[in-house]
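The values are calculated or read from the model by the stated rules, or taken from the named source; none is laboratory data. All figures in this text were calculated on a predicted structure; none of them were measured in a lab. Cβ placement follows ideal geometry from the backbone for every residue including glycine, while neighbour counts extend to all protein chains displayed. We work out accessible area using only protein heavy atoms, side chains counted, and drop any ligands, DNA or RNA first. Shrake-Rupley method; radii C 1.70, N 1.55, O 1.52, S 1.80 Å.
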Amino acid sequence: IPAVLLDRNIPGLPIPYICLDNKKAGYEGTKHLIDEGFNEIGFIAYDMKLQHMYDRANGYRTAMEDAGLGENSCIQYVNFKNMEESCEAAVDYMLQQKRKALFFASNGIATECMKILEKKNIRVPEDMAVMVFDGGDVFSFYHCSVTFIEQPLKEIAFKSVQTIIEVIENQEIENKNIVTPGKLIIGESSRKSTRQDAKS
């Protein structure tokens, strides 16, 4: 049965896939925070053995290491089945570690953790900078614009259909994998300049 994986890559499975370049996106998002002047950056991801979660965290680690901040790397994992409690524990740990910026590996994690920051009176971006994988309508209700990595969903969808047609017609699956770059959308949530303006 011809098949194509959409937004996922399962290593060792001989099926074509179309997905975001998650490692590069993780790298570029972290580098943006570093370029803004943040050194104490934390990363929060799902506690799942999923390749895209691993790649995003790996991109974060690599960017920190390339900037000479490898020893400052700090990753926490949250439980999808117990989001509220595990996200609060992750945020508490990041605050204990004096993180000044948080990079969330999904918009679901971001939504839960940003509610917790709000509950703890941690202001974004004045007290904590924020970076998110994927935007979402929910963030349009937030008090400041949120910086996020945008996935090219239309391009991924188009290429997935195009690929499955090619597989059906030619019965070939080699060299069909497609990795697409994300786009960094910069909002107020990651701007150190915004924080400094608020203090002055």
Quick one: of the DSSP bridges fully inside the chain, what percent are antiparallel, nearest 5? 10
What ratio of Cα Rg to 2.2 N^0.38 Å holds for the chain? 1.09
1.4 Å probe accessible area per residue over the chain, in Å²: 54
Setting aside same-chain residues fewer than 8 positions from LYS24, which lysines have a Cα under 17 Å from its Cα? LYS183
Let me check I've understood the local charge: for ILE164, count other residues with C-beta under 13 angstrom from its C-beta, Lys and Arg +1, Asp and Glu -1. What total comes out? -1
Evaluated at 20 °C and 1.002 mPa s, the Stokes-Einstein D of the stretch 59-112 based on the Kirkwood radius over Cα pairs, in µm²/s, stands at 178
Those trypsin sites (Lys or Arg not before Pro) from the stretch 24-101 that are DSSP loop and have at most 12 other Cβ neighbours within 10 Å turn out to be LYS49, LYS98
Surpassing 30 Å at the alpha-carbon level, of the pairs LYS49/LYS154; LYS49/LYS192; LYS23/LYS192; LYS119/LYS154; LYS100/LYS176; LYS81/LYS119, are LYS49/LYS192; LYS119/LYS154; LYS100/LYS176
Using amide H atoms built 1.01 Å from N in the peptide plane, name the residues 5+ places from ILE178, or on other chains, whose amide H lies under 5 Å from its own. TYR17, ILE18, CYS19
Give me the percent of the accessible area of the stretch 67-200 that comes from carbon and sulfur atoms, probe 1.4 Å, all protein chains in place. 49
10 Å Cβ shell holding at most 10 others, DSSP loop, GluC sites (Glu not before Pro): longest site-free stretch of the chain: 1-171
Assign one of three labels to the stretch 1-120, namely rounded, prolate or oblate, based on the Cα gyration tensor with a ≥ b ≥ c the square roots of its eigenvalues; rounded applies when a/c is under 1.5, prolate when it is not and a/b is larger than b/c, and oblate otherwise. oblate
Excluding residues fewer than 8 positions from LYS31 in its own chain, the aspartates and glutamates with Cα under 15 Å of it are GLU40, GLU65, ASP66
Counting Lys and Arg as +1 and Asp and Glu as -1, each charge on the Cβ, what is the dipole of the chain about the Cα centre in debye, to the nearest 20? 360
